[in-house]
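A short write-up of the structure that comes next.
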Amino acid sequence: MMILAFPDYLSQSQALAARLGADWAEIALHHFPDRESLLRLPLSLPEHVILCRSLNQPNDKLIELLLCARTARELGAKRLTLVAPYLCYMRQDIANQPGEAVSQRIIGKMLADLFDDVITVDPHLHRISTLDQAIPIKNAISLSAADDIARFLKTEFGHALLIGPDAESEQWVSRIASNIGFDYAVAHKQRRGDQQVEMSLPEHHYGNQPVIIIDDMASTGRTLAKAAGLLQSAGAKDIYAAITHPLFCGDALTHILNAGIKAVWSTDSIEHPTACIKLDRLLAEAVRAII
């Protein structure tokens, strides 16, 4: 077994290799002036190869994943496993208007054609319940970072109130809260566009304890900022955020901090200054379970 690591995901790949006691090698990656990608893999590959890379900012990465997977097969790999802690193109699961591409189904089929196993963390699924409905292979494995986030929060707080910004977040908020004995509540959210959200908080006493907003991803930061504003109006003073995937597009993190959130913690599913919750143990356990 060997882990092939892309340069932008090297430290996470090395941590996973160390957990597994596996060999690893870095993929040589070059971009031509027109952004075409040139990849070079080791000439000698074992039968089982693991590609490790999160798929944020996905368009170039998907092409590079295709090139890498096909080349690995040509070099002798019999089994290919993709470890992609952040998995792209999962939100578009129906055509909202005639003619729209259903990207979840298209990208899912592409990954199923390339890989024998796909392992990811907290994918952004809406109308389906299991990952194999999007990626039609036997080993389409969806993990949760909830336990790792819970362990981290327990080291930071004796007690706190956890807030989920919408109904979808309740699955993570309730699991974290039950693991460490914290209270939780879930807000109501209605999205009006990529950067416009309406939100309301449930009745609760917010002013006598730290409040931590829990979500699976932060992209524009508007949801977290909106929640922070409502919490401040409700009397909360110490507001924090813990998220799985720190996408943080554009001015997202600045916007969040300016909204009154004192600190943001995230997993290292994506390389980011807030990424202090490591996923290598979780990912290694999932790999061991399939080999």
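The values are calculated or read from the model by the stated rules, or taken from the named source; none is laboratory data. Note that this is a predicted model, so its numbers are computed, not measured. Don't worry about glycine lacking a Cβ; one is built from the backbone with ideal geometry, like all the others, and counts go over all protein chains shown. Only protein heavy atoms, including side chains, enter the accessible area calculation; ligands, DNA and RNA are left aside. Shrake-Rupley method; radii C 1.70, N 1.55, O 1.52, S 1.80 Å.
From the list 19, 40, which residue is surrounded by 15 or more Cβ atoms within 10 Å (Cβ to Cβ) and of a type in the set (Lys, Arg)? Steps first, please.
Details: 40 fails: surrounded by 15 or more Cβ atoms within 10 Å (Cβ to Cβ).
Just one listed residue meets the conditions, 19.
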*asked:* Considering only residues that are at pLDDT below 95 and touching a helix residue (DSSP H, G or I) at 6+ places or on another chain (Cβ under 8 Å), which ones fall in the stretch 91-113?
replied: 91, 92, 93
_Among the residues of the stretch 124-138, are any without any contact (Cβ under 8 Å) to a residue 60 or more places away in the chain, under 19 Å from residue 216 (Cα atoms), in contact with a Gly (Cβ under 9 Å, 6 or more places away or on another chain) and open to solvent by less than 20 Å² (accessible area, probe 1.4 Å)?_
yes
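Somewhere in the stretch 241-250, is a residue polar (S, T, N, Q) and part of a strand (DSSP E or B)?
Going through the stretch 241-250, the residues polar (S, T, N, Q) turn out to be 244.
From what is left, the residues that are part of a strand (DSSP E or B) are 244.
Taking every residue of the stretch 241-250 in turn, at least one turns out to be polar (S, T, N, Q) and part of a strand (DSSP E or B).
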_Filter result (under 16 Å from residue 13 (Cβ atoms) and open to solvent by 10 Å² or more (accessible area, probe 1.4 Å)) within the stretch 54-72_ = 56, 61
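Check whether at least one residue in the stretch 2-9 is open to solvent by less than 20 Å² (accessible area, probe 1.4 Å), of a type in the set (Phe, Trp, Tyr) and in contact with a strand residue (DSSP E or B) (Cβ under 8 Å, 6 or more places away or on another chain), and report yes or no. It would help to see each step written out before you state the result.
Kept after step one, since they are open to solvent by less than 20 Å² (accessible area, probe 1.4 Å), are these residues of the stretch 2-9: 3-6, 9.
Now narrow it down to the ones that are of a type in the set (Phe, Trp, Tyr): 6, 9.
Still in the running and in contact with a strand residue (DSSP E or B) (Cβ under 8 Å, 6 or more places away or on another chain): 6, 9.
Yes, because at least one residue in the stretch 2-9 is open to solvent by less than 20 Å² (accessible area, probe 1.4 Å), of a type in the set (Phe, Trp, Tyr) and in contact with a strand residue (DSSP E or B) (Cβ under 8 Å, 6 or more places away or on another chain).
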*Determine, yes or no, whether residue 198 is over 17 Å from the mean Cα position of the chain (by Cα), closer than 25 Å to residue 220 by Cβ, open to solvent by 20 Å² or more (accessible area, probe 1.4 Å) and acidic (Asp, Glu).*
yes
*Among the residues of the stretch 183-195, is any among the polar types (S, T, N, Q), in contact with a helix residue (DSSP H, G or I) (Cβ under 7 Å, 6 or more places away or on another chain) and at pLDDT below 95?*
yes
*Residue under evaluation residue 284, criteria (1) in a loop (DSSP other than H, G, I, E, B); (2) surrounded by fewer than 21 Cβ atoms within 10 Å (Cβ to Cβ), criterion not met*: (1)
*Could you please find all residues in the stretch 165-179 being closer than 19 Å to residue 127 by Cα and among the small types (Gly, Ala, Ser)?*
167, 169
*Hey, among the residues in the stretch 67-86 that are of a type in the set (A, V, I, L, M, F, W, C) and in a strand (DSSP E or B), which one's nearest to the chain's Cα centre (by Cα)?*
83
_Go through (1) more than 23 Å from residue 60 (Cβ to Cβ); (2) open to solvent by 20 Å² or more (accessible area, probe 1.4 Å); (3) in contact with a helix residue (DSSP H, G or I) (Cβ under 6 Å, 6 or more places away or on another chain); (4) of a type outside the set (S, T, N, Q) for residue 116 and report which single condition fails._
(3)
*If you go through the stretch 210-228, how many residues are in contact (Cβ under 8 Å) with a residue 60 or more places away in the chain, open to solvent by less than 10 Å² (accessible area, probe 1.4 Å) and of a type in the set (A, V, I, L, M)?*
2
*List the number of the failed condition for residue 223; all other conditions in (1) out of contact with any strand residue (DSSP E or B) (no Cβ under 9 Å at 6 or more places or on another chain); (2) within 14 Å of residue 199 (Cβ to Cβ); (3) not hydrophobic (A, V, I, L, M, F, W, C) hold.*
(1)
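Listed residues 253, 231, 257; which is assigned to a helix (DSSP H, G or I), of a type outside the set (Gly, Ala, Ser) and open to solvent by less than 30 Å² (accessible area, probe 1.4 Å)?
On the way: 253 fails: open to solvent by less than 30 Å² (accessible area, probe 1.4 Å); 257 fails: open to solvent by less than 30 Å² (accessible area, probe 1.4 Å).
The match here is 231.
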*Within the stretch 87-107, which residues are within 16 Å of the chain's Cα centre (by Cα) and either assigned to a helix (DSSP H, G or I) or over 27 Å from residue 244 (Cα atoms) (or both)?*
104
